[in-house]
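Computed from the coordinates by the stated procedures, all read-outs in this text should not be read as laboratory data. Values in this document were obtained by computation on a predicted structure and should not be read as measured data. Positions of Cβ are generated from backbone atoms using ideal geometry, with glycine treated the same way; all protein chains shown enter the neighbour counts.
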Amino acid sequence: MSTETTVKGSMGVPMKRKEDPRFIQGKGNYVDDLSFPGMLYMAIVRSPYPHAEIVNIDISEALLVPGVKAVITGKDLEAAGLGWLPTFHGYDKQMVLAIGKVLFQYQEVAAVFAESRGAAADGAEAVQVEYNPLPVVADPFTSKTDAVLLRPDRESKTNHIYHWEVGDRDKTTQALAASDTVVKQRMWFPRCHPAPLEPCGCVAQFDAMGRLHFHVTSQAPHVYRTAISIVTGIPEDKIHVISPDIGGGFGNKVPVYPGYVCAIVGALKIGRPVKWIESRTENLTSTGFARDYHMDVEIGATKDGTVTALKVSTLADHGAFDAAADPTKYPAGMFGIVTGSYTFPVAHAEVDAYFTNKAPGGVAYRCSFRVTEASYAIERGMDMLADELGLDPVELRKKNFVKKEQFPYPSALGFTYDSGDYHHTLEVALEKIGYKDLLEEQARKRAKGELMGIGFSTFTEVVGAGPSKHFDILGIKMFDSAEIRIHPTGSGIVRAGTKSQGQGHETTWAQIVAEELGLDPQNILVEEGDTDTAPYGLGTYASRSTPTAGAAIAMAARRIRERARKIAAHLLEVGEGDVEWKDYRFQVKGVPSKTVTMKEVAFAAYTNMGQNEPGLEATQYYDPPNMTFPHGTYIAVVDVDRETGEVKVRRFLAVDDCGTIINPMIVEGQVHGGLTEGFAIAFMQEIQYDKDGNNLNTNFTDYLVPTSLESPHWETAHTVTPSPHHPIGAKGVGESPNVGSPAAFVNAVIDALSPLGVRHIDMPITRDKVWRAIRDADAKKG
Amino acid sequence: MKVSITVNGVQHEKDVEPRTLLAYFLREHCGLTGTHVGCDTSSCGCCVVVMDGDTAVKSCTMFAAQADGHAITTVEGLAQGGALHPLQQAFWDQHGLQCGYCTPGMLMTSYALLKHKPNPTDAEVREELAGNLCRCTGYNNIVKAVRQAAETLQAAPAQK
Amino acid sequence: MNLQYTGEETIPADKAIVWKSINDPAWVGRCLPDVIDVIVHDPTHFDAIAQVGVGPVRGKFKFKFELMPSAAGDRMDMKITGGGFGSAIDLTAGADVVEAGPGTTKLNWSGQAIARGPVAAVGGRVLDAQAQKLISQTFANVRERLTAAG
Amino acid sequence: MIPAAFDYIRAGSADDAFAQLQRLGADARVLAGGQSLIPAMRFRLARPAVLVDINGLKDLDYIRIDSGTLSMGAIARDSAVERAPWIQERKWSLLHDVSRVVADPVVRQMGTVVGSLCHNDPSGDWTAVALAARAELVVRGAAGERTVGIDDFLVDSFTTAVQEGEMALAVRFSVPDDRTAGSYQKVERKVGDYATAAVAVQVSLNADGTVREAGIALSAAGPCAVRVAEAEALLKGQAPTADLIKAAADAASRKSEPQADLRGSIEYKKNLAGVLVSRGLRQALARLGVQS
């Protein structure tokens, strides 16, 4: 039989992206591109006060504005039983529109529906709200005192949200006491915001059958459908959530926001489609922020630099509502990864979270829940320990790395690392960057008083949430799913419960299927984001797509292969046991001349299936047995200008190990993007509040997203240690660069300043902070 | 007020409010949704279009009225007769996009750049694209793409 | 953002006349710089519509005033609130009315402006100049009008 | 975000624009490049009742050098300066430097030099450059046209000598002699940000290598751009030594009265003013072949 229809080796190749033609021609389909007959626009009235009683809301003038159709307030929603919205933890709730009082600046107070964007804005401006300002709690340290109770609506009358801990407190305390050396540092991972270029938005409309069709910028459409049903009481079959092209998410588009509920209510109330698109200011001031962890880090070690214990106590600022997008059982997410790549015999980590008069959130900004905070803490801490002991940070790391032969490695805080070769990855990086030469150059420069720094981060990530025994959102276990249909002519369609926001699923998912079935990836259509067609999944964030849906897709394809084997046996006129899958096609064992391709089998599945069940389809739900643990070595080289405090990142090398690589081009692109966001977090991006609770970074002139000129040129390389428990050995990569790089940047700057005696500077590392550090150090020297 | 703007060679005469921004004129009055809006401060460049052939402008920081009587080229106008423009081809070849939201603005800024600097260095490309933000690519591949397009256009200037 | 200002005006008029004038909402309203209209609600409350014009910030803005005279008749405090489109500007201004020799009265004034929302975030640098102008000009106009009258 | 509604008038000529401004007074704003005005309108901080659009006025869209004067019309774009053939000449190095760092490359396509001067942002770039180069503006008022020296033109934050109903028609720079060079030094958090601190320097040397004239101005160092007269006087007639440059830098640091903001503390910005003056002078002198 002919074999030219077989396509070999679709995995591990830099296939150009199948989704790109529409994007490069301006034919993408983003939520704001949608338009429906009679569609209204919604604008939201927001509070200028961080904490205030609402004395009165007067909407009469707004209703007189030409084009304004309706205005709703918290009272209206409360009356309809829609005053509050559950957060994804399940254990806190959030006001949809302010009821009685506002708890953060820019909180949603009223929603205006009008014929045009302009009219909606005019209407919002005409809503008169009278506030009675209340004392403001702008940080967790103040909140802790409970001097001002922020959430009287809750049963427990305290600002304390939760205490979470893991590890052995007593043994850790004893081990620290017994250590030769202990380094201790408070590190603040400041509040920042994912700020995807496409803001959040939606279009809500009800059809003649009373069915809600909800187009929304969502990283998790199925969870939205369930959440909307829970909040509104609309039966889930009457809700159709469509997540079209998404202009970047980075965690910002995981939570359900008040604006979405308002748009749905408006569409129901007025009987016309309602579009709501955030302004950039609304995006930065009211939708999911990230980080805001105040971490006290303690590392103990022996004289020779063997680590003995790790203790981290964290104060978490969650804002006005606990809308952190963490799985229910992990209020502090995967912070337990804080032991990093090192063999700590004992460790203890605890997090206490508090309410403040700041925007709610705590989303996983391009990272698996709270892994970035943990990774920063341990990688900064290891550098401080090296500094304290006068050791080369590289030698200290090598000494304490989990060794290749120790995997699967049970960490002191309860994770079982799947696989890795930390020493190898580090060696590859040292070789590639020319560490020896850099050290010599640095010595020469230091002799001349110039400030050059080399910074390392040898992080381990934990991604792919997650095993159902541990992970759920609103009680829904964090499995994922895939459905594959192979058409008679050997093309097919894959549907998954994930949702690409730029990750390239339309290409990589097709590559997996093509690889497993010997078909042409160009003829495998990938569809995501439509809850009417896609199987139920938890969506795309926390680098979970490849570890969960990627696995489900490979397994579904293998199911198809098993069904195809029966048909192949029929075509080859042998018993099923005599057919083997070899070199991307079926072959009669030991008879290389007798083969049949998947394409031929596909046609037979509909035309000549013999006694076998017709068709060639499979659905697979995948509940991962464990997380995956990508790792890497990042090296930053910086020069610091003594006079201006300016830091120039001269070189940056990222050597990642994300297991099996599906598409090296896409993996490299993910790394470039993640590094740029890590760079931004280290030097530029911060959501600051003043002591009065005013948000100081409310648009792109003050929330600093780096341009092509600030961003360094990125150098990348890879090592491959497959995951033993993942069907194709892949671990996920989207977030490693954002998780691993901030510590490398900061370590490099501190290394540059270390001759002056500078120990630590909190992010973002601004010129002003660097200049002060230098000035103060010089002053000390006198 | 009445405005008449030639967009991608087609004249659009519309009655609009004076406060109508060019970006929304293109998106909502001409149905050309390739031009995106990502901020309110003229910072992100998602809305960049080309005016009168070689001038890149931020269409959300310009009123439609200002473009009255002018020729506007949007991302939808780049491909000619079904053939991708060398810039579009290069962004695809070099993986110069991920979520695609900044891409139209990046393409149009690059289009105008190559009119003024047909053969830019990496450094010049980084300087000239500094009015456009991208959150996904880290810019490495966008720089590569613009360099590839420059080479293609140099080889076959007719394609300009 | 939180801005503080202080100043002093010496007025060639008796304290009684000064006190009487600054207790008259219509009269005080007219002392605002670029005031277009004053709507008096009661002896201590009035709205003033003023033409604001600093740099990019231009147009008519409405401010609500509350006069808070001290019982002793030697201090006048003023609460001024304005804003719009999600912003709030709260100004407070107070002046000690001090007799400084025959036919001369001193106004030792201080004021602070607290701005919240987009106005502070985007227009902060403009606002400083505007708030200072609003407060200092108001007291300067008090002097000028009483000087003219006297 | 959508601006508040307004009426739009497209001026048919400079005379027409002027007549409209006279008629409308405070209600009207001139729309030139709009790169500062339109964002302010989108936030509804600026809400003019009428915009008078002068972008169509070709007679205001010029950059010309004649009889020892460089003139730029009211709608001459930043990008036109950046691309002008003469901008590469050493004597124009101050304008060369600034034309590449105003806002961002796309904003510079629409942004205008005169508009930026009229906006008089405390952290503007062109205002400091105009001071250092001793530029003058042509303003049309009820009494006809008048020229205003830049020192008198910059009145206060966002306030200039252009009164309501008036309009600025052009800015003029005298063409420097061949022993002149300049430098614009700007520290910004990222491209497109307002300056954290910026310094404009222009130096003209005598044949004997002494300084004939120095122009030194600071941006983001007060209510609006400021001239450091003390530093200028220090250099005048002197050979530019390292000590002199240090003294000029110290004078600039003293003169700087910045506001603390997200860009940095007062002390940091005062320090920057000195550092940048020193670097600016060194670069200008280096361009003149003088190592200091």
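A compact table of results
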quantity: Straight-distance crosslink candidates among lysines, where the alpha carbon sits under 29 Å from A:LYS566 and sequence neighbours closer than 8 are dropped; calculated: A:LYS8, A:LYS582, A:LYS589, A:LYS594, A:LYS599
quantity: Estimated [θ] at 222 nm from DSSP helical runs (n ≥ 4, -39500 (n - 2.57)) normalised by residues in chain D, nearest 500; calculated: -9000 deg cm²/dmol
quantity: Residue (of D:ALA40, A:GLY361, D:VAL139) at the positive-pole extreme of the protein assembly as shown, dipole from beta-carbon charges; calculated: D:VAL139
quantity: Peptide A:112-123 - average C-beta neighbours from other chains (10 Å radius); calculated: 3
quantity: Antiparallel %, DSSP beta bridges [both residues in chain A], to 5; calculated: 80 percent
quantity: Proximal lysines to C:LYS106, defined as alpha-carbon separation beneath 24 angstrom and excluding residues fewer than eight positions away on the same chain; calculated: C:LYS15, C:LYS20, C:LYS79, C:LYS133
quantity: Amide proton proximity set for A:LEU525, modelled H, under 5 Å, gap of 5+; calculated: A:GLY492, A:ILE493, A:VAL494
quantity: Whole-number percent relative contact order across chain D, with pairs defined as alpha carbons under 8 Å at least 6 apart; calculated: 16 percent
quantity: Likely footprinting exposure, A:ARG565, D:ARG64, A:ARG211, D:ARG140, fewest C-beta neighbours within 10 Å first; calculated: D:ARG64, A:ARG211, A:ARG565, D:ARG140
quantity: Too-long pairs where the Cα-Cα distance tops 31 Å, listed order kept, from A:LYS404/A:LYS436; A:LYS69/B:LYS14; A:LYS18/A:LYS731; A:LYS171/A:LYS436; calculated: A:LYS171/A:LYS436
quantity: Shielding by partners - mean other protein chain Cβ count within 10 Å, residues of B:17-26; calculated: 5
quantity: Residues whose placed amide H lies under 5 Å from that of A:ALA730, excluding near-sequence neighbours; calculated: A:THR660, A:SER723
quantity: Chain A: C-alpha gyration tensor shape, a/c 1.5 cut-off, then a/b vs b/c; calculated: oblate
quantity: Span-rule helices in chain A, defined as complete DSSP H runs reaching 15 Å or more along the axis (Cα) with Kyte mean at least -0.5; calculated: A:221-232, A:258-270, A:371-389, A:422-433, A:505-517, A:551-572, A:664-683, A:736-753
quantity: Ranked list, fewest to most other Cβ atoms within 10 Å of each Cβ, for A:GLU61, B:GLU13, A:GLU483; calculated: B:GLU13, A:GLU61, A:GLU483
quantity: Kyte-Doolittle at least -1.0, axis length at least 24 Å by Cα - qualifying DSSP helices, chain B; calculated: none
quantity: Aspartates and glutamates whose Cα lies under 14 Å from that of A:LYS432, excluding same-chain neighbours fewer than 8 positions away; calculated: A:ASP656, A:GLU715
quantity: In Hz, Karplus ³J(HN,Hα) per residue of segment A:530-541 (6.51, -1.76, 1.60; θ = phi - 60°; x = Gly, Pro); calculated: 10, 6, 6, 10, 6, x, 5, x, 9, x, 10, 5
quantity: Distant-in-sequence amide H partners of A:TYR293 (H built 1.01 Å from N, under 5 Å); calculated: A:PHE189
quantity: Gap separating the Cα centres of segment A:497-536 and segment A:598-614, nearest whole Å; calculated: 23 Å
quantity: Phi to ³J(HN,Hα) by Karplus 6.51 cos²θ - 1.76 cosθ + 1.60 over segment A:684-700, Hz, x for Gly, Pro; calculated: 9, 6, 8, 9, 9, 10, 7, 5, 8, x, 7, 6, 9, 10, 9, 7, 6
quantity: Value of [θ]222 nm, deg cm²/dmol, for chain B, DSSP H segments ≥ 4, -39500 (n - 2.57) each, nearest 500; calculated: -8500 deg cm²/dmol
quantity: C:ALA72/C:ASP47 FRET efficiency (R0 35 Å; Cβ-Cβ; nearest 0.05); calculated: 0.80
quantity: Furthest towards positive pole of dipole, A:PHE344, A:MET39, C:LEU67, structure part the protein assembly as shown, Cβ charges; calculated: A:PHE344
quantity: Helix-only CD estimate at 222 nm, as mean residue ellipticity for chain A, using -39500 (n - 2.57) per DSSP H run (n ≥ 4); calculated: -9000 deg cm²/dmol
quantity: Average projection area in nm² (convex hull over Cα atoms of segment D:180-287, one quarter of hull surface); calculated: 6.3 nm²
quantity: Antiparallel DSSP beta bridges within the protein assembly as shown, percent to nearest 5; calculated: 85 percent
quantity: Sorted by Cβ neighbour density within 10 Å, fewest at the top, the residues A:ILE484, A:ILE687, A:ILE72, C:ILE114; calculated: C:ILE114, A:ILE72, A:ILE687, A:ILE484
quantity: Peptide D:110-122, shielding by other chains (average Cβ, 10 Å cutoff); calculated: 2
